[in-house]
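Structure first, then comments.
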Amino acid sequence: MQVFIFLFILLMLFTGFVPSSLAHGVSDGDALFIEQASGMQLLPFAYLGAKHMVTGYDHLLFLTGVIFFLYKMKEVCIYVTLFAISHSVTLLYGVLSGVQVNAHIVDAIIGLSVVYKALDNLGAFRRWFGFQPNAKGAVLVFGFFHGFGLATKLQDFALPEEGLIANILAFNVGVELGQLLALGSILILMNFWRKTDAFARQAFTANVALMSAGFILIGYQLTGYLTLS
């Protein structure tokens, strides 16, 4: 089942039918609220954070790759925690410090993280280079870039100073809740899929599709960067 979900996402990306809200962007209504929010708006910002993560297909593709061959809940928790810590750090730092990074470059690196994880799942690094990269370290490092990717979306808006820190913290909490919700759904699908006889055969196709999606994301973002330049 999961392999068809990957292929469906690829088809949507190729044909350009992915709505802007699914590209972990911000809808016009949400953008208007963010810029007009006055004082602490903890629940609305937490909701926006959760919505942002649940509809962020690039983040979800990476997380799917991370948990693809993780069978123990303890291992899943370790990797998800590392990712959560790293992207929380750069999300909060990027917004509160005002550090500007090019959104297209950051999103291209996020696409690269998807490609990396798919290749890792396919055992490419051991076959090609004779070594296995540190999986936890890679998740931590790429998590920093995913956090900056989230931060660049918020930096597009004139955020009110009043209640800013509390609202951004609430947004980050929402991101984590959204991540848990989305990841829980993915894990349920994965567990059903793993019990089928076709999993071993389809896992290769799914990771090739995952890698292809990452390359498409990279190409799309680099095209946007070159066009703007």
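Got the relative contact order for the range 41-193 handy, in percent, Cα pairs under 8 Å and 6 or more residues apart?
Taking the mean separation of contacting Cα pairs over the length of the range 41-193, I get 50 percent.
Run the accessible area of the range 112-229 with a 1.4 Å probe and give the carbon-and-sulfur part as a rounded percent.
Here it works out to 69 percent.
Averaged per residue, what accessible surface does the range 76-131 expose to a 1.4 Å probe, in Å²?
For the range 76-131, the solvent-accessible area averages 44 Å² per residue.
Probe of 1.4 angstrom, ligands and nucleic acids ignored: what's the accessible area per residue over the range 141-229, in square angstrom?
Per-residue accessible area for the range 141-229 comes out at 50 Å².
Give the share of C-alpha pairs in each 5 angstrom bin for the range 46-184, from 0 to the last occupied bin, in whole percents, shortest bins first.
Final binned percentages: 2, 10, 19, 23, 19, 12, 7, 4, 2, 1, 0.
About its Cα centre, what dipole magnitude does the range 31-181 give when the only charges are +1 on Lys and Arg Cβ and -1 on Asp and Glu Cβ, stated in debye to the nearest 20?
720
Rank these residues by their accessible area, most exposed first, probe 1.4 Å: 116, 93.
93, 116
In nm, give the distance between the simple-model label positions of residue 73 and residue 161, each being 7 Å from the Cα along the Cα-to-Cβ direction.
Taking the simple label geometry, residue 73 and residue 161 are separated by 4.7 nm.
Taking the Cα-to-Cβ direction at residue 226 and at residue 197 and moving 7 Å from each Cα, how far apart do the two end points lie in nm?
The two pseudo-label positions are separated by 4.8 nm.
Mind giving me the FRET efficiency for residue 136 and residue 96? R0 is 35 Å, r the Cβ-Cβ distance, nearest 0.05 is fine.
It comes out at approximately 0.85.
Round to the nearest 10 and report in Å² the accessible area of residue 162, as given by a 1.4 Å probe over the protein chains' heavy atoms.
120
The values are calculated or read from the model by the stated rules, or taken from the named source; none is laboratory data. Being a predicted model, the structure only gives us computed values, none of them experimental. Every residue, glycine as well, gets a Cβ built from its backbone with ideal geometry; the counts of neighbours run over all protein chains shown. Heavy atoms of the whole protein, side chains included, go into the accessibility calculation; ligands, DNA and RNA do not. Shrake-Rupley method; radii C 1.70, N 1.55, O 1.52, S 1.80 Å.
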